[in-house]
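Okay, structure first, notes after.
The values are calculated or read from the model by the stated rules, or taken from the named source; none is laboratory data. Because the structure is predicted, anything quoted here is derived from the model rather than measured. Note: ideal-geometry Cβ built from the backbone for every residue, glycine included; neighbour counts use all protein chains shown. In case anyone asks, the SASA skips ligands and DNA or RNA and just uses the protein heavy atoms, side chains included. Shrake-Rupley method; radii C 1.70, N 1.55, O 1.52, S 1.80 Å.
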Amino acid sequence: MNASATTAENSDKTHLVIKLCEPRGFCAGVDRAIQIVVLALKKYGKPVYVRHEIVHNRYVVDGLRDRGAIFIEELSEIPAEHRDRPVVFSAHGVPKSVPADAEARDLFYLDATCPLVSKVHKQAMRHRRLGRHVLLVGHAGHPEVIGTMGQLEPGTVTLVETEADVERIAPPDPQALGYVTQTTLSVEDTAGVIRALEERFPSLQPPASESICYATTNRQEAVKLAAPGTDLFLVVGAPNSSNSRRLVEVAERAGARRGLLVQRASEIPWDTLAGATSIGLSAGASAPEIIVDEIIEAFRQRFDVNVEIALTVREDENFPVNRELRDTEITAADMAFVNGAA
Ligand code: SF4
């Protein structure tokens, strides 16, 4: 673990180490999705409609709303007088029926589906082309799962949530099965489900490449490095953010005494931190860095803080935005918002 120490000048405060995970926070898919909305507002003006929360983070959604984005759940909510306005689909991906519906309504849409989610869609469709029934390992109701299931005809995909589900499912032909997974699952839990599936269905075929994405894997690895022995492990993220919730579980399993998901510094349970000497800190892939800074500052006000960086890997992934938006310039201030720094 690299140590970059910053010591507060006031020595009556209790000493506390913050083990800060790196990588953490925004991934390339989230960064791209936010950039698409910001660029669409610049190029086409207000309002720009966004179907579903573009990413699972209130701070980001509110920031985009302030800039002129209107969030909707269904395309039917776009009023007739705004049919000429762009509509953006979220990073989680959408069922095929959504772009088809947009075309039927003559809407102009920009798809912000993360390329790594689109890759899972393609792998699921490849299984189908090869005559396999698809087993999708993921969480019921998550928008990414709804989007992936919606790439395939009804009845050709079965959702598997847990190892216990493996015994319950009854696919049509056990000899012709392929699986894919949600991109944001716990690496270890998923390995357990897949082992159980392979034991029950020895002919099961894997996807052409790993479905769990680099950002999920990297954030979990950094948490495993930082968590052992910490009194509390904080993960910045929304309650509906799958990858953030997995980080809390990973932290507890890796040896944090307690893990907690928080959206802002105001949610930190200060009264439970008496006697704490070390905490872990990470952020889900949809949580902006500005909230991490806010939390560290809140700790500095109460403790004599040393920040130690728990670094596992440096990320340099970057996904280009949609072709229609590549000629639109972005200011430094907008870029800071896109990167989660403002
Ligand atoms: S968490 Fe992974 S799959 Fe989801 S948006 Fe980020 S990079 Fe893409």
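Pairing each residue of the stretch 70-91 that is within 27 Å of V120 (Cβ to Cβ) with any residue that is of a type in the set (D, E) and at pLDDT 95 or above, provided the two are 6+ apart or on different chains, yields C-beta distances under 8 Å for L75/D101; V88/D111; F89/D111. Within the stretch 100-117, the set of residues being without any contact (Cβ under 8 Å) to a residue 60 or more places away in the chain and surrounded by fewer than 16 Cβ atoms within 10 Å (Cβ to Cβ) comprises A100, E103, A104, R105, D106, F108. Within the stretch 313-342, if we keep just the residues that are loosely packed, with under 13 Cβ neighbours inside 10 Å and hydrophobic (A, V, I, L, M, F, W, C), the residue that is nearest to Y214 (Cα to Cα) turns out to be V313.
What about V98, is it within 23 Å of the chain's Cα centre (by Cα), hydrophobic (A, V, I, L, M, F, W, C) and not in a loop (DSSP other than H, G, I, E, B)?
Yes, satisfied.
Among the criteria (1) surrounded by 20 or more Cβ atoms within 10 Å (Cβ to Cβ); (2) charged (D, E, K, R); (3) outside any helix (DSSP H, G or I), the one K46 does not fulfil is (1). Under the condition of being away from the ligand (no atom under 16 Å from the Cβ) and among the hydroxyl-bearing types (S, T, Y), which residue from the stretch 241-281 is least open to solvent (accessible area, probe 1.4 Å)? Filtering first and then ranking leaves S278. Summed over the stretch 288-323, the residues that are within 16 Å of K19 (Cα to Cα), assigned to a helix (DSSP H, G or I) and either out of contact with any helix residue (DSSP H, G or I) (no Cβ under 7 Å at 6 or more places or on another chain) or at pLDDT below 95 (or both) give a count of 7.
Here is a yes/no grid of residues against (1) modelled with pLDDT under 95; (2) within 16 Å of the ligand (Cβ to nearest atom); (3) over 30 Å from A208 (Cβ atoms); (4) in the same structural domain as N243 (by TED's automatic domain parsing):
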{"residue": "G68", "(1), (2), (3), (4)": "no, no, yes, no"}
{"residue": "F71", "(1), (2), (3), (4)": "no, no, yes, no"}
{"residue": "S76", "(1), (2), (3), (4)": "no, no, yes, no"}
{"residue": "D84", "(1), (2), (3), (4)": "no, no, yes, no"}
{"residue": "F89", "(1), (2), (3), (4)": "no, yes, no, no"}
{"residue": "G93", "(1), (2), (3), (4)": "no, yes, no, no"}
{"residue": "D101", "(1), (2), (3), (4)": "no, no, no, no"}
{"residue": "R105", "(1), (2), (3), (4)": "no, no, yes, no"}
{"residue": "F108", "(1), (2), (3), (4)": "no, no, yes, no"}
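The single condition among (1) within 25 Å of R246 (Cα to Cα); (2) outside any loop (DSSP other than H, G, I, E, B); (3) in contact with a Pro (Cβ under 9 Å, 6 or more places away or on another chain) that T190 does not satisfy is (3). Residues that are within 27 Å of A287 (Cβ to Cβ), open to solvent by 60 Å² or more (accessible area, probe 1.4 Å) and among the β-branched types (V, I, T): does the stretch 65-80 have at least one? Scanning the stretch 65-80, I find at least one residue that is within 27 Å of A287 (Cβ to Cβ), open to solvent by 60 Å² or more (accessible area, probe 1.4 Å) and among the β-branched types (V, I, T), so the answer is yes. Annotation: of all residues in the stretch 199-230 being charged (D, E, K, R) and surrounded by 15 or more Cβ atoms within 10 Å (Cβ to Cβ), the one that is farthest from the ligand (Cβ to nearest atom) is K224.
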